[in-house]
Structures are given as structure tokens and as C-alpha cells.
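The structure under discussion appears below in the form of C-alpha cells.
No lab work stands behind these numbers, since they all come straight from the coordinates. Everything numeric in this text was worked out from a predicted model, so none of it was measured. Heads up, the Cβs are rebuilt from the backbone with ideal geometry, glycines too, and the neighbour counts pull from every protein chain shown.
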Amino acid sequence: MDNRKKLLLHTCCGTCGAWIPQMLAADFVVDLFYFNPNIHPREEYARRLADVEKVASALQLRLIADEYDPRVWFQAVRGLIQEPEGGKRCPVCFEMRLRRTAEYAKEHGYDCFATTLTIGRNKRADVINPIGEKLAREYGVEFLARDFKKQAGFEKSCRHSDAFGVVRQNYCGCVYSRLERLNKK
């Protein structure tokens, strides 16, 4: 009998999802949850989903891909267009994605939920984890607060994603961070 807790892991991309589920597998039965209406354009969303599918297949994990409706994201961040990556727009985006993850976890009987977001070099665990903890209280589902980039997590994730043939992206996913990167070139 498997006594591990059932964990729903919000996964933003294949690179971020390549190492974390393996590391968590000793203590949790991990299912990947792909809900990222922030990713733009649609082709980039599809490419990142295909990479998460590669990882899920290689690790023999269940993948749940929720609906892609970027209008929901644009509505959520309305008025925050001029914010830089890492500014006020990002916590709104994190909360929208983690809220849907918590909601799905509650609806489908998961013991806890987490996110791969904290492995990103530009994603601050001290911003993301309090959002997850707030939602855990709201939905009654435990949030696994971690800073996955610690102890060389980002580097491990990159090595694993390379082994799976996953492409690393050069922007967080939203149209505004993409434009910010293009303007820096």
C-alpha cells in the first residue's frame, strides 16, 4: 500500500518540471498540472505544453492540462502592463495560476499542491509561497512551500531537462516579459 500523500504540482514548463517531481517522488505521488493562460503566443503555449508532456511521459507521471484561455490572464493583469518582470503584475499572475491549482486539488481529492515556479532564477519564493499558503487556508488543501532553486535545484532541473530534450525558454511566458526581452536586444 502506498502511504505517500497525493500532490498536484503546478508546472509552468518542461524545464521546471524535469527534476522537481523526481525529487518529490519519495514522499508524494505527483501529478503535473499545466495551467498557464499567461503564456503567449499560443504557439509558445503549445510548445511548452509539448515539453511538459515529454517530461510526464519520461517520468511516467499523470499530466492534467487545464483550459488555455489567455483572456482570463489579460483581464487579471489589466492595468499592470507597464510593470517590469518581477513587478506588481507577477504576483497577480502567480495567484491566478495557484488559485486554479488549489481549486483543482480540492475538487479532485489531492492532499496538497505545490508549484515549480520557485525554481526559476527570477521567481522569488518569498513572494510565491505566501500566496500558496493563503490559498491553502482558503481551499483547505495543504500547500508545499519550497524554494526549489536552493541546493542547486535550478542547475539540476536544467540537466534533467536537457536529458529529456526539453527546450529552455528565454522569457517567463507572458507577452510583456517577451517584449521586455526583445527590447533589451
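Here Asp66, Asp2 are placed in order of increasing Cβ neighbour count within 10 Å, fewest first, which gives Asp2, Asp66. Ordered by the number of other Cβ atoms lying within 10 Å of each residue's own Cβ, fewest first, Arg62, Arg181 fall into the sequence Arg62, Arg181.
Number of Lys-Lys pairs in the chain with C-alpha atoms under 22 Å apart and a separation of 8 or more places or on different chains: 19.
Computed from phi, the 3J(HN,Hα) profile of the range 151-160 under the Karplus parametrisation 6.51, -1.76, 1.60 (θ = phi - 60°) reads 6, 6, x, 4, 5, 5, 4, 5, 4, 5 Hz, with x in place of Gly and Pro. Look at Met1, Met23, Met96 and count the other Cβ atoms within 10 Å of each Cβ; fewest to most, that gives Met1, Met23, Met96.
Run the paramagnetic zone check for Glu53: 7 angstrom along Cα to Cβ, then residues of the range 1-30 with backbone nitrogen under 16 Å. Zone members listed by number: 13-15.
A full extension of the chain between Arg78 and Arg181 corresponds to an added length of 35.1 nm, given 0.36 nm per residue minus the alpha carbon distance.
With each label modelled as a point 7 angstrom along the Cα→C-beta vector, the Met1-Ile64 pair spans 2.4 nm. Each peptide in 16-22, 148-154, 36-42 gets a packing score, the mean of other Cβ atoms within 10 Å over its residues, and the list from highest to lowest is 16-22, 36-42, 148-154. Seen through its C-alpha gyration tensor, with square-root eigenvalues sorted a ≥ b ≥ c, the range 135-185 comes out oblate because a/c lies at 1.5 or above while a/b is not bigger than b/c.
Taking amide H as placed 1.01 Å from N in the peptide plane, Lys6 has its amide H under 5 Å from the amide H of Val29, Asp111, Cys112, each at least 5 places away in sequence or on another chain.
Which whole-number percent gives the relative contact order of the range 5-184, counting Cα pairs below 8 Å spaced six or more residues apart? Before the final figure, lay out each step's value.
Numbers: 289 pairs, mean separation 56.5, N = 180.
Answer for the range 5-184 is 31 percent.
Each residue of the range 108-118 is assigned a 3J(HN,Hα), and the resulting list reads 10, x, 7, 6, 7, 9, 8, 9, 7, 3, 6 Hz, derived from the Karplus form 6.51 cos²θ - 1.76 cosθ + 1.60 (θ = phi - 60°), x at Gly and Pro.
Applied to the range 87-99, the Karplus parametrisation 6.51 cos²θ - 1.76 cosθ + 1.60 on θ = phi - 60° returns per-residue 3J(HN,Hα) values of x, 5, 5, 4, x, 5, 5, 4, 5, 4, 6, 6, 4 Hz, with x for Gly and Pro.
Please list the equivalent ellipsoid semi-axes of the chain, computed as the square roots of five times the alpha-carbon gyration tensor eigenvalues, in descending order and whole angstrom.
On the way: eigenvalues 117, 76, 46 Å².
Output for the chain: semi-axes of 24, 19, 15 Å.
Toward the positive end of the charge dipole of the chain, with +1 on the Cβ of Lys and Arg and -1 on the Cβ of Asp and Glu, the farthest Cα among Ala58, Val77, Leu144 is that of Val77.
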